[in-house]
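Accompanying notes for the structure given below.
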Amino acid sequence: MLRFGILSTAKIGQELVVPAIQDAENAVVTAVASRDLGKARQFADRFQIPHAFGSYEEMLASDLIDAVYIPLPTSQHIEWSIRAADAKKHVLCEKPIALKAQDIDGLIEARDRNGVVVSEAYMVGYAPVWHKVRELIAEGAIGRLRHVQGAFTYFNRDPSNMRNIPALGGGGLPDIGVYPTFTTRFATGKEPIRVQAAIERDAEFGTDIYSSVRADFGDFELSFYIATQLAGRQIMVFHGTDGYIELKSPFNADRYGAEELELTNAKHNQSIHMRFQDSRQYRCEIEAFARAAKGETAEIVTLEYSRRNQALIDAIYRAGEHDGWEKV
């Protein structure tokens, strides 16, 4: 069993990732750390975790754990991922792992010099629905792919929420813009060449709250919008010459409704509907990461792959500052 230490008592860890680790066949939560020992102990008691630490440094120095899961604010991801790698721990860090593509370079160096596995926690890369989309596109189920369309929105104006605090790495593109970009790259195996974008910022918070993006992938185009102050919506559509694939609730399984995939032919007289009632994408993520950490064969999100996704987000920000195309 890969022994995980949870670095902070963040909400996403409590609600989604720790239960997934406990549900996994090859991993276990052994410790949790907080800058407040009382919070760490409360967290540990809730999940029956045997060890609680009152500092991150103390847990990283412990031989009780093999790996860490990091759900800290985005602005702290690179620092603590490097520190964990230098402590010879495998690292699973929440997305986005960085706010600039070049910041990932130092983490790649830390990974390599310590011989550990470091991965960005894109649970969608492990979801059965997305593996099915990739399979359908590869086998030509929709013919030649010409256009990908997506949307991811929610409404949040809480000034204390990290998503609305620039210093903590807040903003719509780092939080949810990464999903249409990541899943399009994952499903097609293609990389973008250039982008156009229109970006709106909140006058009070200073964070980007709405982005409309057009990305040129050469063979096809991706267009999507994301927003942090619109009614919640999630959808992705892959449109080809012989049909299209439409996904409902493609990112947060069961939070916006069940994951559903519909494959429709060109004449619109035949469709195949697939429902992924309980994809357990977080458990799949944990189990794949644990296999990789043990040296077994496993497809995980590499830092090189993450760097290319962040380079696209960086280009979108640059494109939002002017009219016309921006090279990725």
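The values are calculated or read from the model by the stated rules, or taken from the named source; none is laboratory data. Please read these numbers as outputs of a predicted model, since none were measured by experiment. Counting neighbours? That spans all protein chains shown, and the Cβs are built from the backbone with ideal geometry, glycine included.
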Given A311, A293, which one is under 21 Å from E109 (Cα atoms) and more than 18 Å from the chain's Cα centre (by Cα)?
-> A293
Would you check if L173 is under 24 Å from P128 (Cβ atoms) and either aliphatic (A, V, I, L, M) or in contact (Cβ under 8 Å) with a residue 60 or more places away in the chain (or both)?
-> no
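Here's the yes/no breakdown for (1) touching a residue at least 12 places away in the same chain (Cβ under 8 Å); (2) crowded, with 21+ Cβ neighbours inside 10 Å:
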| site | (1), (2) |
| --- | --- |
| L37 | yes, no |
| D45 | no, no |
| Q48 | no, no |
| Y56 | yes, yes |
| L60 | yes, yes |
| D63 | no, no |
| P73 | yes, no |
| A85 | yes, yes |
Mind listing just one residue for me: the one in region 242-264 that is at pLDDT below 90 and assigned to a strand (DSSP E or B) and, of those, surrounded by the most Cβ atoms within 10 Å (Cβ to Cβ)?
-> E259
Can we say S81 is under 14 Å from the mean Cα position of the chain (by Cα) and surrounded by 18 or more Cβ atoms within 10 Å (Cβ to Cβ)?
-> no
If you take the residues of region 188-215 that are under 21 Å from the mean Cα position of the chain (by Cα) and assigned to a loop (DSSP other than H, G, I, E, B), which of them is surrounded by the most Cβ atoms within 10 Å (Cβ to Cβ)?
-> P192
